[in-house]
Each structure stands twice: as structure tokens, then as C-alpha cells.
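The values are calculated or read from the model by the stated rules, or taken from the named source; none is laboratory data. Bear in mind that the values here come from a model prediction, so they are computed numbers and not experimental data. All Cβ positions, even for glycine, are placed from backbone atoms using ideal geometry, and neighbour counts span all protein chains on display. Areas reflect the complete protein model, heavy atoms only, side chains present, ligands, DNA and RNA absent. Shrake-Rupley method; radii C 1.70, N 1.55, O 1.52, S 1.80 Å.
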Amino acid sequence: MTAQTPDRSRRRPRTPVPRGRVRRPRAGRVPWILVVPAVAGVLFLVLPFAGMLVRAPWPTMGARVTDPAVLAALWLSLSTATVATVVSLLLGVPLAWLLARTEFPGRRFVRALVTVPLVIPPVVGGVALLLVLGRNGLVGQYLDAWFGLTLPFTPAAVVIAQVFVAMPFLVISVEGALRGADRRYEEAAATLGADRVTVFTRVTLPMVLPGIGAGAVLCWARALGEFGATITFAGNFPGTTQTMPLAVYMAMQRDPEAAIVLSLVLLLVSLVVLATLRERWVNAS
Amino acid sequence: MRDSSPRRAGRRGHRPLTGLAAVAALGVALTACGAEDTGPGDGADTFGDALSGELTVFAAASLTDVFAEIADDFQERHPDVAVTFNFAGSSELAQQINAGAPADVFAAANTATMEQVVEGEGLDADWAGEHGEHGLVFATNTLRIAVPPDNPAGIGDLADLAGDGVQAAFCAEEVPCGAATTTAVGASGLEITPVTYEEDVRAVLTKVELGEVDAGLVYSTDVISAEGRVEGLEFPEAEEAVNDYPIGVLANSGDSALAAAWIEAVTSAEGAAVLTGAGFGAP
Amino acid sequence: MRPTTPAPTAGLDAELRLTRGDFTLDVALSARPGEIIALLGPNGAGKSSALRALAGLVPLTGGHVRVDGADETTTAVEHRPIGMVFQDYLLFEHLSALDNVAFGPRCQGSSRAEARSRAAELLDHMDLAAHAHSRPRQLSGGQAQRVALARALAVRPRLLLLDEPMAALDASTRIDVRARLRHLLEDFDGVTVLVTHDPLDAMVLADRIAVVESGRVVQRGAPAEVARRPRTSYVARLVGLNLFQGRGEGETVALDSAPGKDGADEVARVTPREPYEGPALVAFPPRAVALYPEHPHGSTRNVWRLTVEGIERFGDQVRVHLTGPLSLAADITPAALAELGLSRGDTVWAGVKATEVECYPG
């Protein structure tokens, strides 16, 4: 009933402790029963990548990488994945808040629905998007009739496909962060006169920022690698809808070496971006 | 996506199928060792023989239905033979074969991919000596302009695809139907820019069926398989890009006699009838 | 604020009733502006629930909350005229001390500049001007507490709520911080309600104390009154008194049969400072108890023969727990303990002068 516990005073000294000089008991040896599976896990994830490095056509690498077609696909991928992440943030964070902080009928059902794009094959997602947003789709036919707007075969369709498959990662991550956040801070804000919107924007959001960041990274990475829904819903046209994964797939049909080069470029760029972001967050928090 | 149509299992289904094929091929290898001693003397003398063992056929996705039908007939004649298929895009199959995937027969949707295999893993020398070093062409396929049944853009010939505001879907140049498309369009001298280069002919067909594009270039077999959901228009330039389907016994086949028997069945009169019924042309 | 309307009842008038599962809270509180009330009680007594109900953080199942005559019973938290200091202060980690304090005024519609200047003023008043741009984690416990207080006061509340304001502090800093908090609270002209389980906090900080046990107020009064005349064994323990219930029969008080294990058949009697008639409570401090190896002679009126039940160090004294016709605690010096050579199970004579014994209506 009451929040306090008798030993709270001892447990939470408020005296500031200089960071980095905290003396911790020395950790014991790392147990092999954890190390062995962990190393196996890393190898499992990294070895296919090593295979690509070995097979890559290094002598012609420079020329292949700077091919305007490659750069166009790379630019399209990076820009659409970023836009998709922004859209996912705008829609996904409020959705996560609703799921974590409110009670409404069918909330569990909605939460299950959010994970649907994770479960179904992306190609099915692409077909579903066509059926709804295509030129003859449930909604798409009115977009076409009223606004002359057709989505398939446009970069917007690429973004939509990416949002569809990637947003669940963001929603799940942010909802988890919201559930883990100490709600008493929100109560404190309310006692200071903050309405729910203010509490959300000024207190809750800053508190769950790391969770949002992690979710956005997952979302961006998933959007960057998106293939099935994109090729089905947005089609494949160089410079317009052909993202890197599509370019990789097409190259694979004719020139596997070119596919390896494209894959390595995609991998390298995403690693650089993710490492930079991570660095920034780790330093910030 | 994995709907009831077995053709759909084509490209994306190839991985689990490869696994199955590997298991099946292991069986082939084992039984082949035993069969070696009593091996049939002559590849031509296969009908009526008590053929047995397991046969693994790697075939272009567009052959899914016809090969299944021929296999039914084949297995009726030879009850002790088990036929396993791996249907996928021709170039993927070629890569798998060259990477050592165990297969007895390769049926490609174009000569270029067969050539990749000829230069890679190779065809069975005896068989190739008799039937051709580049495989045996057993069927042809010709491009058609596929339009939705109501043909909203009023497409009549290839030139209509170059019209303003007409949305067309082509196969990507990297895949066989795309190469044929390029040849046909090139022969026409027209400048046609599609809205999308699809990853395979099925994807083009889907876009037409859903009405997302006004027209797409697909094969005559695809029009037949769409069962009325699209209409196929013949066009003269298609003759410039007739697609040959070569077939061959692979060098690392565990049972080349059985593989040769399969090819006999495909090229027989009965086999040709099945192919024609599905929209293929005679070689 | 409204000079034309004389405030009907300035200050706090609250009756807090809420039921949650088996637990029932029923607490009435009233206070004049400027008064500081402490809700003192053990953990789980419901005092924090009472505070949260005043804030509107938990809904009441019955009763009312009126502040300066206005009914706030169903007012949403953010619209109540309250300021609250939470147990761990709950300063927003992503904001500087200044922005923490400016948060409330901003929510109430002040411009950024106004809010900041009010915040700076409050921090200055609390000797925190130098720390205005510090992040909460850089502050000491006492500083964090004052920032939290400044943040709560920045919204100009009429009702200030403090939840265990001292609980997050080290024992070593508590005395200074407590004195300083008392000083700061004196400047506040609204009603202050603070919740604590530490009697010392209640004694030092509050004008009046309400002791809450099991969801009910068991005793109310000024700190000195509560300290001198506890009404329940819990309060007696908190304030460090031996407390007995009995019946005044003139010169002596006959104690209700003590729950002691042995010798309970004998009715213990206590002679208080003054004669008393009727149901009574009798209290005396452990330090008033003297121990003797033999029956003492002289003026000591209350003498019992008791058995040692336990001995523990208590500050620089030794506390001896005794049982017999009545159970009590005696504080003696270590030297006296050595001289008596007491250990568990020994018998000893305990004496208390009548002048040390407080007797009041039970």
C-alpha cells in the first residue's frame, strides 16, 4: 500500500559518487558454459559474411562500387529507410504509448496485430499492400479516382512497404521501454500541472529515449534490408524503386560477383551508420 | 504467397526444396551403387524396362505444371522410380548445380543458363555426345502481351505500350523473360519504358492480374496458366525472341540411364502433347 | 486571491476514504494555512495512500478534499492546487535543476523566461543558485531535496505534500537537512502534509501529528503531547516510552493484566505523579527506571521484582528488557550493568519514582 520500504534510506544514498571511480568487486572468470555458445553464435552470424569477403572480386571493386547505378540504389535505400523510420516513429511511438499506458477493449488483440508483419512473409505483405493501396485496391482506387494518386512503382511505395515490415520492431521496442519506465515521474509531472500530452512529450519521451533509439535503429536496419514487400508492392525500377536489396537480387541472376559487391557495400554502409549512432547514444546517456 | 498453385512454390520455395533434393539425392547415390552392376546397356532402350531408383530434376519454374503431369505418367510406367523436383528460376538452379547440388537432369528456360551449367558442372559426356553438347531443346516459349481481361488501356500491339500514361511491367533483363523482352522490343525499334522490371515472369503476371499495370510482357504459357485472369495478345516482334528450353543429363548424375529415360519421356509424343497444352511451342 | 469572498474555511478539510482489497483507509484531516501536519505511522499503515489521495493520484471511494473552501475531490491531479515532494524526489534526470523547478510554471502557462526567473528566485532562496545548471544526479541528497521542494513550491500550491522527505538521505546528513527543511517549510503559507515513519521527522518538522495505524488515525496532537502521552504501544515504542493501560484507583493505577508469561496472576500497580480515577494510560521513560540487586529502600514508590528477558546496547546506554507482573524497558549505564552483573534469566528489582510516571485518560 505505501510505497516506501524501511531500508530505502540505506539503499539509495543520494551522495554523488564520482563516475568511473566506483570500486566494484572484481568479476570472477567468465564461465566457459556461456563463452562457448556465445563464440559459436558470433561465428554463425559472421561466417557467411566472411564467405562473401573471400569471394568478392577485389580487383574490380573500385569500379563496381562507384557505378552510378549502384550509387543510385544505395542512395534510394538510405533515403527511403530513413523516411520509413521517421514515419514509423510518428505512428509507432503513439501506438506504443497507447498499448503500454491505456486500457481499451481489444488492446491485446491490437498488440497481436502489431506483430503480424513480423510473422507473415514480406511478399505476402506486399501483395496485401497492393490489394489495399494498389491502383485497383480497396483504398487505392479512391486515391487514384479522387487525387490521381497511384502509389505502386513510386518511391512512396518503397517507404510504405518498409514501414509495414519495420514498424513492429519500433513499436515493440518502445512499448517495452514504456513499460519499464518509472511511472512515478509521470505522476510527479502531473502534480506540477502537466496534462497527459505534456507529461508524454516532456517527461515520458525523454525517459524512454534510449528505447526509442534502439527501436529506431532496428526499424531502420529492417527497412534497409527490406526486399519482398518492396519488390511486390513498389516494383523494381532503377533509380525509382530499386533499392539495394533488389539490386542485389537482380545482380544475383546474372552476375553473382556483382551481387557480392552490392551486398558488401550495403553491409558496410549500414555498419558505419549503426556504429556512429550507437557511439552517439552511448556517449549521450 | 505459398498458395495452392505449385508454380508459386517456384523461386521462393527453392530452399526447402533444395534440402529435400539433397536428401533424395543421397538416396539416389546409395541406390545407384547397387544398380551399377546391372546397369542398362543402352539409354535408348528404356521404355518397358524395369527402371528403379530416385530421380532428381532441376527445372525452370515455368515447367512446374507440365513436368508434374509428365511425372505422373512416367511413374505409372515405372512404379519403382521416385521423381523429385526442384523448381526455381533457371539461373538460380544453374548456380545451385554449379555449387554441387545433386541433380540428375536440368531443364532450363533458356539456352544461356544451360550454357552456365555446360561450362560449369557439365553435362553427362555420353548423353551429350548423342544429343548435343548444349543440351536438347525440347520446347519453345513465345512472348505475349498480357492485359487485364477488360483491357482498360485498349492495348492492341507492342506500339501501344509506348503510349503516354501506359503503365507496363517487364521482366528484369537479368532473368530470361527479360532478355527475351529486350530482344523483342529491340526488334520493334520502339522506345518503351516500363514502370517496373519484375524479378520474374510470375510477378509481371501478378501485376497485370491485379490491374496495377495496363500490360506486361509474359510467355504464352503464363497466359494459359492464368486461366482467364489475363488476356494474351500475340505480336509479331515476339518471333524474334522465341525462347528455347534445353534439357540435359548432368555430369554428376547418379543414374544417367534413368535421367535419359526422363528426357525421353519429355520429348516423346505424349510429353509434347502436355507441353503444347500448356502453351509451349514445338522446337 | 478573492478578497471579496471571505474564505469559508481556509486551509485543508479532508476526509479520505478508500478501499482496496482488504485494506480500508479512513482518515480525516484538517489544517489551517501555514500549519504542518505529519502523518506518522508504520509501513503499510496507509499514510502514503492518504497523501496520494490528497494529490488525486488515487481516487477516493468516499469522503472529500477541500482546499481553501474549494471542493477538489474530483479535480484532476494536474488541476489541483498542490505541490508534491516525492520520496526519491523524482527530479527529471534530463533537465537541469533550474528547468526542473521551471517545469511547473511552464505547465501553468508561464513563458519560458518567467518560469525560469521564478525558478531562479526559488533556488536562490534555497541557497542553490550555484547548482541551478546541475543535473539531478550531480546533487547531494539534501540539495536534491531542496530542488524538489522548490519545484513543488514553484506552482504556488495551497497544499504542499511531502512523502517521506527524509527517507532517501544518509543518516549522517539527516539532522542538518531536517533542520533546514523545517526552516524552509515555515515560509510556506499554505497547508503542509508530510508523511513519515520516523517519529523524529514528525517531531521536528510538524506542528501537529496524526498517527496512522491500519488505515485509521489512532492519535492526534502536538508533537510534545504525542511524545509525552502516547496512546498506542506503537506510538510509545516510537517515542521511546513504557506504556501501560489500566484503571486509576486514587493513589495507584491497577494495570490491566499484562500479557506477561509468568506472574501475570498478580495485578501490577503503578503509583503515578498525581492521583487518578478511571480508565488510564500510564507512561514513563526507560531512563527513569533504576535497577537494584535487592529491594531498594527510600522514596521510590514503584518497585517490582522482574526477570531479565534481554539486554541490548542502546546508544551509549544499555537497554534491559524486563518481564514479570509487568513488562518494561530500562535504560542503564554500562557501568551499572557491570556492577549488577545481569544476564538473561536473572531477577532484579526495578524502581520508578512516581514523579516520572505520567498518567492520562485511557
### Query
Restricting the range C:121-171 to residues that are within 9 Å of another protein chain (Cβ to nearest Cβ) and surrounded by fewer than 17 Cβ atoms within 10 Å (Cβ to Cβ), which is modelled with the lowest pLDDT?
C:Ala171
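Among the residues of the range C:205-228, which ones are among the hydrophobic types (A, V, I, L, M, F, W, C) and surrounded by 15 or more Cβ atoms within 10 Å (Cβ to Cβ)?
Scanning the range C:205-228 gives C:Leu205, C:Ala206, C:Ile209, C:Ala210, C:Val211, C:Val212, C:Val217, C:Val218, C:Val226, C:Ala227.
Within the range B:229-283, track down each residue that is in a loop (DSSP other than H, G, I, E, B) and either under 16 Å from the mean Cα position of the chain (by Cα) or under 19 Å from B:Ser90 (Cβ atoms) (or both).
Scanning the range B:229-283 gives B:Val242, B:Ala251, B:Asn252, B:Ser253, B:Ala278, B:Gly279, B:Phe280, B:Ala282, B:Pro283.
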### Message
For the range C:19-43, give me each residue that is open to solvent by 10 Å² or more (accessible area, probe 1.4 Å), outside any strand (DSSP E or B) and not polar (S, T, N, Q).
### Response
C:Gly21, C:Asp22, C:Arg32, C:Pro33, C:Gly34, C:Glu35, C:Pro42
### Query
Which of the residues that make up the range B:73-109 are more than 14 Å from chain A (Cβ to nearest Cβ), under 24 Å from B:Gly281 (Cα atoms) and open to solvent by 10 Å² or more (accessible area, probe 1.4 Å)?
B:Asp73, B:Phe85, B:Phe87
#### Entry: Odd one out for A:Pro121 among (1) within 28 Å of B:Glu209 (Cβ to Cβ); (2) open to solvent by less than 50 Å² (accessible area, probe 1.4 Å)
(2)
### Elements of type helices (runs of 4 or more DSSP H) in the range A:149-228, at least 1 residues being within 14 Å of the chain's Cα centre (by Cα)
A:155-180, A:209-224
### Task
Quickly run through the range A:217-254 and pick out the residues that are buried (at least 24 other Cβ atoms within 10 Å of the Cβ) and either more than 21 Å from B:Ala169 (Cβ to Cβ) or hydrophobic (A, V, I, L, M, F, W, C) (or both).
A:Cys219, A:Trp220, A:Ala223, A:Leu224, A:Ala229, A:Ile231, A:Phe233, A:Ala234, A:Met244, A:Leu246, A:Ala247, A:Met250
### Query
Under 6 Å by Cβ, and 6 or more places apart or on different chains, what pairs join a residue from the range A:117-131 that is in contact (Cβ under 8 Å) with a residue 12 or more places away in the chain with one that is among the aromatic types (Phe, Trp, Tyr)?
A:Pro117/A:Phe164; A:Gly125/A:Phe164; A:Gly126/A:Phe233; A:Leu129/A:Phe233; A:Leu130/A:Phe233
### Query
Looking at the range C:44-58, is at least one residue among the small types (Gly, Ala, Ser), part of a loop (DSSP other than H, G, I, E, B) and either open to solvent by 40 Å² or more (accessible area, probe 1.4 Å) or in contact with a Pro (Cβ under 7 Å, 6 or more places away or on another chain) (or both)?
no
### Task
Could you grab me the full set of residues in the range B:188-211 that are charged (D, E, K, R) and within 7 Å of chain A (Cβ to nearest Cβ)?
B:Glu198, B:Glu199
### C:Ala168 touching a Phe, Trp or Tyr at 6+ places or on another chain (Cβ under 9 Å), outside any loop (DSSP other than H, G, I, E, B) and in contact (Cβ under 8 Å) with a residue 12 or more places away in the chain
no
### Residues located in the range C:68-84, provided they are open to solvent by less than 30 Å² (accessible area, probe 1.4 Å) and among the hydrophobic types (A, V, I, L, M, F, W, C)
C:Val77, C:Ile82, C:Met84
